[in-house]
Every structure is written in C-alpha cells, then in structure tokens.
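The values are calculated or read from the model by the stated rules, or taken from the named source; none is laboratory data. Worth saying up front: this structure is predicted, and the values here are computed from it rather than measured. Every residue, glycine among them, receives a Cβ derived from its backbone with ideal geometry; neighbour counts consider all protein chains shown.
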Amino acid sequence: MPRLAVTRREFMRISAALGGGLLIGIQLDNRARADAADAATAAAADGMFTPNVWLTITPDDVVSIRVASSEMGQGVMTALPMLIAEELDADWDTVRAEFAPINPAYANPIFGRQQTGGSTAIRGYWRTLREAGAVGREVLLTAAAQTWGVAVESCHAERGQVSHGNSGRSLRYGALARRAAGLPVPESVFLKEPSQFTLLGRAMPRLDIPAKVDGSAGFGSDVKLPGLLTATVARCPVFGGSVGKVNDKRARSVAGVRKVVVISSGIAVVADHFWAARQGREALEIDWNPGPAARLDSATITARLAERADSGTVGRNDGDAERALASANRRLEAVYEVPYLAHACMEPMNCTADVRTDSCDIWVPTQAQTSVHQTAMRLTGLPADKVRVHTTYLGGGFGRRGEQDFVIDAIETSRAVGAPVKVLWTREDDIQHDFYRPATYNRLAAALDKQGMPVAWRHRIAGPSISQRDATARETSGSDFSATEGALNLPYAIPNILVSYARVNSAVPVGYWRSVASSQNAFITECFLDEVAAAGGKDPYALRRALLGEQARLRAVLELAAAKADWGSPAAAGRFRGIAVAESFRSYVAQVAEVSIAGGQPRVHRVVCAIDCGMTVNPDTIAAQMESAIVFGLTAALKGEISIADGRVVQSNFHDYPLLGFDECPDIEVYIVPSEADPGGVGEPGTPPIAPAVANAVFAATGNPVRRLPIRL
Amino acid sequence: MIRLLVNDQEHELTADPAMPLLWVLRDLLGLTGTKYGCGISLCGACTVLADGEPVRSCTTPLSKVSGKKITTIEGLPKDRSHPVQQAWIEEQVPQCGYCQSGQILSAVALLARKPRPSDADVDQAMSGVLCRCGTYPRIRRAIRRAASIAEKDA
Ligand code: FES
Ligand code: FES
C-alpha cells in the first residue's frame, strides 16, 4: 500500500486522554479555538492546544469515535466509525460511537459546515476519517515497537492488537494507548488499498440499533432536564400572517399551564407537560392578521407558473433545439406538473433550549449544527463558546431538520419564561408549517427523426427556488440546482437539448426534500422519455440503452436492473413494468417497477433496484437506504399532495396526507454494482427513479401517460 | 387518585382522568420510549399493550386503562432477549427508529395471539403502524424470524 502524506498534518494532534488513553484529533487554529464550545475535549487536552477529538482509545480497549453527521436513520453512526476503524485495524466489537459536539473542526469538508444533507457524509469525511484511523494505527505500531525494542516494520496491527512477527508477542491497543499518546504525529501514513479492506464493504450491524429496539434511543422530543417545561406554539395558519389580538385568559386557567408568551412565530403556551400546553393552546382566542397571502390558492399558483414557464433562463443549450423542433419530422409536447410535498418526518419538529444570561444550551434533532449555533448566537448575543449544541437522534430528517424555525421557537420561548423549555410541534403544525418540496410546472417538447429516435429535447421549468427562496427580486438562474438538478443533467445522447428555468416564488415556503429537484425532475424527464419511446415505436429499455452509450455507469445499472427484473420476458398476466434511471449525488440508480391496476388504483408489487454508488462502506445500509428511498418516493408517487386554499395548507394529518402503509409496500430487491470509484451518496439517490418507474408501468398498463403526481387514474 | 400498572410497576397519579395515556407515560412517568406521531390514532407510533392488546395511547384516556396491565417498550426485557427484539436486531430493521416502539409492540401482540401468523395476519396487525423510513420489508422478514425464534425457544 502506498504511503501518503497526512493532509493538513499541522492540524492533526495526538495526546493523552483522561485515564491514560490515546486521543487523536485535530488541533484547532486560533479562531476555531475561540469558537470551540467543546468542554469535554478542552478538559482532556493538556493545555497547550485544543484538539478536537475523532477517536479515543482507553486502557480498557474501548475505541470511542465521534460522529459529526446527524443520525437520522441513514446509518452514519455506523458508517463513519467504519472509516476510522478500517484504517485503525480496530476490533469492531470494541468500537463505540457518540455524537460530536458543535465545533468547526467537525465541519463536513463538502459544506465547510457541520451539516448533514445532500448525501454527503461518506463523500465528505472519506479521507479525513480514514487518515485519523491510519494515524492511530501508525502510532500504536510505533508504541509497540518501542516497547519491545524491535523495528516497526516487523510489527503488525490487526483487530485491535499489535503483534510481533518473529517473537509472537502481542499487545492490545488499550495497553499501548498511554505510550502512543506521547508520540508525534507521523509525516505520512499508509491508507489501505480497497483490496486490503476488512471492514469497508462488509455488512456490519448498525451501532444504533440496540437502543432502537428497547426504547432507550434519545430523540429530541425525549429530552429530560430538571425543571423542564413543555410548550406548543399557535401559528397563523396563513403564510406570512401575524398575531393580531389575543385573549389568553382561558388558556392560562388550564391546569398545568404556566405562561403564555408571544414569540416571533406565534403564541407559545408553556406548561408542565404537553397535554396541558395543547389544551391551553386550544383555549386561546386569537385574531390573526392574515396578511397579503390570504387569498392564495393552488390554482392561482399553477396559473402563474404556466404563465411564466416560457420565459425562463436557459441553463443548458446543446445544438439548436428550437430549430430542430421547428423542422421536426415528428414533434411531441406535454405539460408535466408536481405538487408541493411535506416532509412528514415521523418525529414532529421540536427543540429544547435553556437560555440563561451567560449561556445557552440547545438539545435538538438537527441536520445543521453550525446553523443552530449561529442562530443561537444571533438571538442571544452570546459568544460562540457560551452556546452549546447537543445533537440527539433524529426521528427522520429528509432535509426538514436543516431548517431553523423550531430552533428559534425554543430559544425565544426559553428566554421569555426564564426556564428550560421544550417546544414540541403537533403533527398538524408539522404538515401545515413545513418548507415544502416545490410544486413545479413543466413544458416538454421533443422532436423525433424518421427512425423514431429523439433529435431534440426541450424542457422549460417554472417553480419556486429553494436556494434563492428569500431573494424575490433577483434574476432567475438557469442553473439553479435546487430547481434544475435532474433536468439539466439529462444523460441521454440527444444532439439538441434546451433546458430553462423560470423562478416564480410564492408565499408558500419551500425547502430541501429528499433528493431535492431530482425528486420531481426524474419523474418528468423519465416519463416524457417513455412518451418519446412510445411515439417512436421503441421499447423503453432499448431506447434508454441506445441513448446511454457514453454513460457507462448509468448504462450498467440500467442493464442490471432490467436483467434482474426479466425485462426481456413478458410480465405475469395483469402486471406491467416500468423502468427509469437517475444519477444524483454522484450515484447511479435504475429501477424497474411491476404494477397492476385494480379498482382504478395502481398497486406496486415488486421493485428491482440497481445502484452504483462507487466503493461501498456498509452494503446492508445501502440496501436499507434504497428500500427507504423507494418507500418514501412511492408515497410521493401514489399519495402525496399538499394543496393551498385561502393562503393556508389544506392537509393537516395522516388522514389527508397519507403515507404508504405496510400492506402497500412492494417486494424490493437491491443489487449493488461492485465499483472502486470514489464513494457516491446513498441516502437520496434511490428516490428519484421510483415515481417514473411506477408511472411508466401505469402508462404501459393504460396507454395514457402519467403527467401529474400523485398518480390518479 | 388513579392507579396505573405499567411494566409491572404500580403508580398512583393525581392527573386529569381525560389525559391521554401517551402523555401520562411520557411526561408524568418519564417513559419516553412511547412516541407521539399524530395524536389522533392514525400512525401507531404511540402503541402500547393494555392487557396484551395493542392500543393507541394518544387517544386512550387515563381513566380507561386504570386497572389494566400496561406494557410499553421499556417493559420488554432489558437485555433485548424478546424474540421480536432479537429478530429486529438480526434483520437490522430500524432506521431513524422513531416508529419502532409501536412496530415492535404491535408485533409482540400479534405473535402472542398467533405464534405462526399468515401474511394476511401480519398485514392486518401491522398496517396501521406507519414508518416514514420505509422499514416495512424488514419488519415483514423480522416477524417471520421472531416467530421461528420463539418456536425454538418454546
Ligand atoms: S400518535 Fe397515536 S396513533 Fe399516532
Ligand atoms: S424507522 Fe423511521 S419512521 Fe420508522
């Protein structure tokens, strides 16, 4: 294996942990040190510097690894420790994972922030964490060699111990920790070749699962503190509205209600427990000022999008699509629409804050620790080191938990009442005050040549922008990823391609939702491609295969999924297949859905999924994330719709915003393409292809293309 | 004063008899393994067992369960040796984990009633418990596995 220089070695530090252990981390520069709010680490440091810990080995052989990404079900609490443990040659049975505190050193290199999203955890920490593990192995080997007075080269590390080849002597890592802690950081380390991996690529049991089968896993809503009060907030149902007159007399007389306070998002009822808070909230008499959005509804929003669809900014322009369309032998046009969608994390939004005059502690299921830290500093005026962010388990995230609204609720309420407060949203709050996956309106056009092959493709998108959601006056950008991802990167070899985007914001807040714009654009492009195939008399699989000549990885997953799903032979009587592919977050996914229609409803029986996500860390987690992303996408394909009337969200709970249920879940098969490419994302890429795979199967069954989600026959 | 028997422990409470069992468990007794998901009997996250039967604790007033034997997720063996817990670990079911107390207790009740459930039995018992993370395929496998673990143990 090659010896590689330790990147940013000047920041890497080794020191003694409490109790004579080895601690490996990163030294913070001065500014970072000033920002550091990591009391535990500071205590373990020797005073000369403030290392930020990645791993600690204690004399009892336990390897504690800090996980800087949030665990929201996607398995980072196991996958990230695997990166360290692999290079450390740790004994996996002795590895423990814990959540990292807030600290700039824990920033995901892709964002430069401590943040979880965009399927970036493995991609972002891939090198950093492996190096931290390799540094550990190196100093443990050196410590053993020194102990025995032998050459380092004659020592060998494996499964948590170093052994000496000739003498047969061996020492556990725990026994070497104290000596290793006194050694300098090596100039360079060995990083393993993939062929040398013993952990990466193996299905390892998840470290968080035991606590998730006995009720002990601590979610944000489970936080317990002495003197903790619970609050619920009444918000103006109309977007952009505000509190007018309030009569809280009845609310305050509810047993258990302590206080009623006005905060920026509405009226917080603070009580001894949630039940009292909720009853108090129901007893509030409030006159809302609905504001300018009072008459907004879905039809108005759609009409505005349709009006603007042709006036977008061009983001991709290959060849001359307009001319090719104008002179086309055969031309195809269609309008595709998708609705707003709520995230509907199983755990409603919540946050606990304890704001005091000289400190602020926040316990929160968040995907964005750095943002929480900044929010708290801004609201309290406290310096960085007085604000501590404690990450809990997240009961789902899907992008919703990167937002700050629930954090602001807790900080403002705690400050107003002078006590630690947990703000818990109701399910109705959660559905009606989300940052929604954008509703978009799309005009598609294609030109076909005499052989039925597409020669031009035009996709005009209109919808709100997530990345520029607050900047209503700025010019649209044709390459705004938050609206064009999945459309701009159309992978097919079509000579003339034009993609444009018109940004049309409304009062409805929009946000990042599992797989972002690919969630809708894969549906739109992959379904329109099936229309093109039908018009040209081509098989949907064969057409894709022909158009993916240059796209080896996408083509390989397409072929694999088709083969596993028996695309070449007819489906059982009454069953129909649909196929779709999508590249997102540096991973390549193809899915085949097998569908029947009964009682006017599509039923999905089987989904075959092939993924190439580069090198694999934990294959069982990859399979689980594909299953998860498919179920998540099926809810959107078959059920999900947030509609607007009178400036507010019509839906409120699972009766009118239903989720796919147990008995509706298809059999799901996942096949992983072996690869030595750099790792791609895993949490999101399984979602984009499922809606079009199902919709294309419905098209095959009925002969009518599906141009709108959710699918309604 | 209302008496409540939870996980074989007796409690005497001076709470409002109309208070839902969910909030009694979570906020008065500190048993936070039982989760709030919808509050109106739509998701099953709050499922606990009352005399072995699954009930939605979010809409079950305290007065209705006084005198019944309540089992929450914390009432399963601490060493996670219940066949359902073992199977859940072996099949690596949970993702975010938030719905899992409701899933596990629903499965416990099902297997107590039908040690060898048919697919239709499983559908019927589990369909009301929503999982946003999509752990359904693994739940189905885990229930089969739990049934065979229990059979071997018996
Ligand atoms: S919280 Fe009780 S069924 Fe959803
Ligand atoms: S495991 Fe997350 S909701 Fe079921």
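I want to confirm something. Restricting to the stretch A:653-669 and keeping residues that are part of a loop (DSSP other than H, G, I, E, B) and over 24 Å from the mean Cα position of the chain (by Cα), which single residue is nearest to the other protein chains (Cβ to nearest Cβ)? Talk me through it step by step, then tell me what you get.
Step one: of the stretch A:653-669, the residues part of a loop (DSSP other than H, G, I, E, B) are A:653-661, A:665-666.
Retained after the next criterion (residues that are over 24 Å from the mean Cα position of the chain (by Cα)): A:655-656.
Values: A:His655: 6, A:Asp656: 10 Å.
Restricting to residues being part of a loop (DSSP other than H, G, I, E, B) and over 24 Å from the mean Cα position of the chain (by Cα), the top hit is A:His655.
Of the residues A:Thr375, A:Thr380, which single one is free of Cβ contacts under 8 Å to residues at least 40 places away in the same chain, away from ligand 1 (no atom under 16 Å from the Cβ) and under 20 Å from A:Thr116 (Cα atoms)?
Details: A:Thr380 fails: under 20 Å from A:Thr116 (Cα atoms).
Answer to the check: A:Thr375.
Would you confirm whether or not the stretch A:508-518 contains a residue that is under 18 Å from the mean Cα position of the chain (by Cα), outside the structural domain of A:Thr116 (by TED's automatic domain parsing), under 13 Å from A:Pro688 (Cβ atoms) and part of a helix (DSSP H, G or I)? Checked against the condition, which is being under 18 Å from the mean Cα position of the chain (by Cα), outside the structural domain of A:Thr116 (by TED's automatic domain parsing), under 13 Å from A:Pro688 (Cβ atoms) and part of a helix (DSSP H, G or I), the stretch A:508-518 yields at least one hit. Selection of the stretch B:29-43 for residues being aliphatic (A, V, I, L, M), facing chain A (nearest Cβ under 7 Å) and either away from ligand 1 (no atom under 13 Å from the Cβ) or in contact with a Ser or Thr (Cβ under 7 Å, 6 or more places away or on another chain) (or both) yields only B:Ile40. Of the strands (runs of 3 or more DSSP E) contained entirely in the stretch A:558-632, those carrying at least 3 residues that are among the polar types (S, T, N, Q) and modelled with pLDDT of 95 or more fall at A:587-598.
Scanning the stretch A:152-166 for residues that are surrounded by fewer than 15 Cβ atoms within 10 Å (Cβ to Cβ), part of a helix (DSSP H, G or I) and touching a helix residue (DSSP H, G or I) at 6+ places or on another chain (Cβ under 6 Å) turns up at least one hit. Inspect all residues belonging to the stretch B:86-98 and state whether any of them is within 14 Å of ligand 1 (Cβ to nearest atom) and in contact with a Lys or Arg (Cβ under 7 Å, 6 or more places away or on another chain). Yes, the conditions are met somewhere in the stretch B:86-98.
When the stretch A:354-375 is limited to residues that are small (Gly, Ala, Ser) and within 24 Å of the chain's Cα centre (by Cα), the one that is farthest from the other protein chains (Cβ to nearest Cβ) turns out to be A:Ser371. Looking only at the stretch A:317-366, residues that are in contact with a strand residue (DSSP E or B) (Cβ under 7 Å, 6 or more places away or on another chain) and assigned to a loop (DSSP other than H, G, I, E, B) come to 10 in all.
Contact map, the stretch A:69-97: first residue closer than 22 Å to A:Ala624 by Cβ, second residue of a type in the set (Lys, Arg) and within 16 Å of ligand 1 (Cβ to nearest atom), Cβ cut-off under 9 Å, separation 6 or more or different chains; pairs are A:Gly73/B:Arg132. Scanning the stretch A:310-352 for residues that are under 20 Å from A:Val508 (Cα atoms), aliphatic (A, V, I, L, M) and within 14 Å of another protein chain (Cβ to nearest Cβ) yields A:Leu341, A:Ala342, A:Ala344, A:Met349.
Assess whether A:Thr413 counts as being polar (S, T, N, Q), at pLDDT 95 or above and in contact with a helix residue (DSSP H, G or I) (Cβ under 6 Å, 6 or more places away or on another chain). Please lay out each step first, then the result.
Working: polar (S, T, N, Q): yes; at pLDDT 95 or above: yes; in contact with a helix residue (DSSP H, G or I) (Cβ under 6 Å, 6 or more places away or on another chain): no.
No.
The number of residues in the stretch A:216-250 being among the basic types (Lys, Arg) and touching a strand residue (DSSP E or B) at 6+ places or on another chain (Cβ under 6 Å) comes to 2.
Every condition in (1) touching a residue at least 24 places away in the same chain (Cβ under 8 Å); (2) crowded, with 21+ Cβ neighbours inside 10 Å; (3) away from ligand 2 (no atom under 16 Å from the Cβ) holds for B:Asp27 except the one numbered (1).
With the structure loaded, tell me whether A:Gly136 is of a type in the set (Gly, Ala, Ser) and under 17 Å from the mean Cα position of the chain (by Cα) or whether it fails that test.
On the way: of a type in the set (Gly, Ala, Ser): yes; under 17 Å from the mean Cα position of the chain (by Cα): no.
Considered against the rule, which asks whether it is of a type in the set (Gly, Ala, Ser) and under 17 Å from the mean Cα position of the chain (by Cα), A:Gly136 comes out as no.
Within the stretch A:181-217, the residues that satisfy the criterion of being within 14 Å of chain B (Cβ to nearest Cβ) and more than 22 Å from A:Arg66 (Cα to Cα) are A:Val213, A:Asp214, A:Gly215.
Residues of the stretch B:115-138 that are among the basic types (Lys, Arg) and away from ligand 2 (no atom under 16 Å from the Cβ): B:Arg116 alone.
Being over 22 Å from the mean Cα position of the chain (by Cα) and not assigned by TED's automatic domain parsing to the domain that holds A:Gly240, is that true of even one residue in the stretch A:676-687? Step through it out loud before you land on a result.
The initial filter retains those residues of the stretch A:676-687 that are over 22 Å from the mean Cα position of the chain (by Cα), namely A:676.
The next check asks that each one be not assigned by TED's automatic domain parsing to the domain that holds A:Gly240; those that pass are A:676.
Yes; the residues of the stretch A:676-687 include at least one that is over 22 Å from the mean Cα position of the chain (by Cα) and not assigned by TED's automatic domain parsing to the domain that holds A:Gly240.
Contact map, the stretch A:112-131: residues that are over 17 Å from A:Thr366 (Cβ atoms) paired with residues that are of a type in the set (Ser, Thr, Tyr), Cβ distance under 7 Å, separation 6+ or inter-chain. Pairs shown: A:Arg127/A:Thr7; A:Glu131/A:Thr7.
Looking for whichever is under 23 Å from A:Leu529 (Cα atoms) and more than 16 Å from ligand 1 (Cβ to nearest atom) here; the options are A:Gly399, A:Gly486, A:Gly418. Which one fits? Steps first, please.
Values: A:Gly399 fails: under 23 Å from A:Leu529 (Cα atoms); A:Gly418 fails: under 23 Å from A:Leu529 (Cα atoms).
None of the others qualify; the one that does is A:Gly486.
B:Asp119 meets the stated requirement of being out of contact with any helix residue (DSSP H, G or I) (no Cβ under 6 Å at 6 or more places or on another chain) and more than 14 Å from ligand 1 (Cβ to nearest atom).
Table: residues versus (1) of a type in the set (Ser, Thr, Tyr); (2) surrounded by fewer than 23 Cβ atoms within 10 Å (Cβ to Cβ).
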{"site": "A:Thr392", "(1), (2)": "yes, no"}
{"site": "A:Gly402", "(1), (2)": "no, yes"}
{"site": "A:Ser414", "(1), (2)": "yes, no"}
{"site": "A:Gly418", "(1), (2)": "no, yes"}
{"site": "A:Leu424", "(1), (2)": "no, no"}
{"site": "A:Gln432", "(1), (2)": "no, yes"}
{"site": "A:Gly463", "(1), (2)": "no, no"}
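Tell me, please, whether a residue that is under 30 Å from A:Pro658 (Cβ atoms) and more than 12 Å from the chain's Cα centre (by Cα) can be found in the stretch B:78-87. Yes, the stretch B:78-87 contains at least one residue that is under 30 Å from A:Pro658 (Cβ atoms) and more than 12 Å from the chain's Cα centre (by Cα). Checked against (1) in contact with a strand residue (DSSP E or B) (Cβ under 8 Å, 6 or more places away or on another chain); (2) surrounded by 20 or more Cβ atoms within 10 Å (Cβ to Cβ); (3) assigned by TED's automatic domain parsing to the domain that holds A:Glu531; (4) not basic (Lys, Arg), A:Glu669 meets all criteria but (2). Taken over the stretch B:55-67, the residue count meeting the criterion of being of a type outside the set (S, T, N, Q), within 14 Å of ligand 1 (Cβ to nearest atom) and within 14 Å of another protein chain (Cβ to nearest Cβ) is 3.
Report yes if B:Val24 is modelled with pLDDT of 95 or more, within 16 Å of ligand 1 (Cβ to nearest atom) and part of a strand (DSSP E or B), otherwise no.
Working: modelled with pLDDT of 95 or more: yes; within 16 Å of ligand 1 (Cβ to nearest atom): yes; part of a strand (DSSP E or B): no.
For B:Val24, the condition - modelled with pLDDT of 95 or more, within 16 Å of ligand 1 (Cβ to nearest atom) and part of a strand (DSSP E or B) - is not met.
Within the stretch B:125-140, at least one residue is in a loop (DSSP other than H, G, I, E, B), within 11 Å of chain A (Cβ to nearest Cβ), out of contact with any Phe, Trp or Tyr (no Cβ under 9 Å at 6 or more places or on another chain) and within 27 Å of A:Arg514 (Cα to Cα).
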